[in-house]
Structure formats: structure tokens, C-alpha cells
Amino acid sequence: MKIVFISFALLACLYANNAVSAQLSGQVTPSSCQSQRVRLQMLGTRGPEILDGQASTSYLIWLDNKARVIVDAGPGSLQRFEQSKADFSDVELMLFSHFHVDHSADFPTYIKGAFFTDRSKDLQLIGPTGTKYVASMKQFVERSIGSKGGLYPYLGDFADATARSAYKIKSQNIKWSSRDLQIRTIYNQHGIKVKTVSTHHGPFPSQGYRVELAGCSLAFTGDMSGKFGAMPALAKNADILVAHNAIPEDATGIPALLHMTPSYIGSMAGKANVKLLLLTHLMKRSLSVKKQTLQLIQKKYQGKILFPNDLDQFQP
């Protein structure tokens, strides 16, 4: 019995030593991601410009062949959603990084379109608090479709808890803060967990998101400058990171205040050790220098980098 005990002890020591060696050499343990169950689809890969036929920012997350989460709803994204053959009745959550037009303008069209579907379950909306420059999540809903003073008050019943409607819109504000950069879990239902952190987008409250489902993790920077430095922790070891490449390296002035440079994107992706980096939200100034952007990012990140187009799909 003593010999057996020593053998098990030796095996345990060997296992521990191997584990430490693997950590020191940078080896990564096998992922628990059930890749076959998850898809990320691009509904919009451009910014606010009238550019090249691609829609403004929006992403669709599929789980078990059902559309479950929409991240941002820029102009034109509803048409891409239709082209994806997704069913809006399956969507349970819409995440908004912030409330600039190119990230949110198609929201009322989704609600109007849903009137003609058999949707009966509530729709959860999550987005940041507002300032004098932009609305909060709750204000955005009220000012868009509120029955009292909304731009489209005839859709107000969906947001009014006292009115009759096939389903209800439930909106949640995330407190944006430049001082509290803790990662928070803001949603955890039906096999979908969402974490967030405040990001810097000039004077506009903006949120980065991490969506975890089926053991996989998808991270979204939204529009941000990188000034707060909190995104690498949120995206740590993510299977996919969607980063917004709106400016070239030599950008100055307001664009540089609002957005990340390619070198920062590379540093962020490298620190986070993400498996796949997708560069979206391209604008004329960044679309024309893709080769240079890749070279700058690859100095700090050696993983796979792609520039997707609308409707492209990716499995983690």
C-alpha cells in the first residue's frame, strides 16, 4: 500500500510540474468552447459614412441555429438581419455600445417589423447611461417610441407596461463611469452571460461587451479610444474580438479622441490573447490603409486578423 501511495504522489508531482511548465511556456489549456453551437454574423461593418454599400455597425450572435443577441443596430442592419434568414422572435437581447446614429438608428424599424411576426416573449435592451450629448438606454427607448412624446408614439404600447401588446420591451441602463472600471456581469439568462466595462469615446458614454455562451466568448470594443485601458481585461482569452478600426495611425484631433489607432488595437489584442481579431466600423480614412493597419497590428498581435464584410459569419 505504501508503494501505491508513493506512486500516486509522484504522479501528482509530475502533473503539477507539467502544468507549471505549460504556464511558463505560454501553452493554453484546451478551450471549452462548443464552437459548433455558436456563430457570429456581421450585420453592419461600416461607420456613419455613405460609403460602399455596407451597413453601419451591427452584429448578430447565433446559438443552436437561433438568432439570440444583437449588438448595436446601425442603419441598414435590419435589411442584413432579414438577409441572414434570422427570426426576430428568437432574439432575446439587444446590446447597445452607445447611442450614436450609426449604432442605433434601426431600433424603431426592428420594433415596427416585429409587429408582423409572432413574437410573444419580452425583449431586453441594455445600454449605457446618458449625458447632455446623448440619451441613456431608457431615454433612447422613450424618445424613440414612447407613447408620450416619442418620435413614433404609435409603437409606445410595446414599452408601456400598462398597455396591451404582444410582448414588452424592457430597458436597462448601465452606469457609465470613468472612475469605476470594474468588469460587471449584467445579464445571465438562458445560457447567455454578458459582461461589460466602461470605455472612453470622448464625451459619449460607451460600453465594451463580452458575451459568453456554450463555453465560447465573443468580445466587442464598440467605439472607443482606449484611454481607459480596461478592454484587454474584458476580452481576455476571448475566442473572437470585434474591434472598431475607424482611424489610421496618424489620425489627430477629434477622430483620435474618439477612436483607437491600429497600434493600440494590436496592443489590446495581444494583451488579451484573443484567438481571432475582426476589424470593423471601417471608414474612408481607415479603409484606404488596410495594409498599413495590418502591419501595425501584427507588430503586437500574432493571431489571425480579418476585415469582414456584411453577412460574413464566424465560428469561435
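Quick look at the numbers
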quantity	calculated
J(HN,Hα) series, region 212-229, from Karplus relation 6.51 cos²θ - 1.76 cosθ + 1.60, nearest Hz, glycine and proline x	10, 7, 6, x, 9, 9, 10, 10, 9, 6, x, 7, 7, 8, x, 4, 6, x
Rg/Rh ratio calculated on Cα atoms of region 44-203 (Kirkwood radius)	0.95
Amide N of region 33-48 lying under 18 Å from the label point, which is placed 7 angstrom from the Cα of D64 along Cα→Cβ	33-40
Flagged links, alpha-carbon separation over 22 Å, of K66/K290; K236/K290; K66/K236; K236/K300; K138/K175; K112/K138	K66/K290; K236/K290; K66/K236
Sorted by Cβ density within 10 Å, fewest first, the residues R37, R164, R210	R164, R37, R210
Whole-number D in µm² s⁻¹ for region 35-314, Kirkwood Cα-pair radius fed into Stokes-Einstein, 4 °C, 1.567 mPa s	69 µm²/s
DSSP-defined beta bridges in region 35-314 - what % are antiparallel, rounded to 5	55 percent
Span-rule helices in the chain, defined as complete DSSP H runs reaching 27 Å or more along the axis (Cα) with Kyte mean at least 0.0	2-25
Relative contact order of the chain, pairs being alpha-carbon contacts under 8 Å that are 6 or more residues apart, as %	16 percent
C-alpha center-to-center spacing [region 137-181, region 249-315] in angstrom	33 Å
Extension reserve of the S165-I186 stretch, reckoned as 0.36 nm per residue once the Cα distance is removed	4.9 nm
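Read-outs throughout are calculated quantities, based only on the coordinates presented, and are distinct from any laboratory measurement. All values reported here derive from a predicted model rather than from experimental measurement. Note that we place each Cβ from the backbone using ideal geometry, even for glycine, and neighbour counts take in every protein chain shown.
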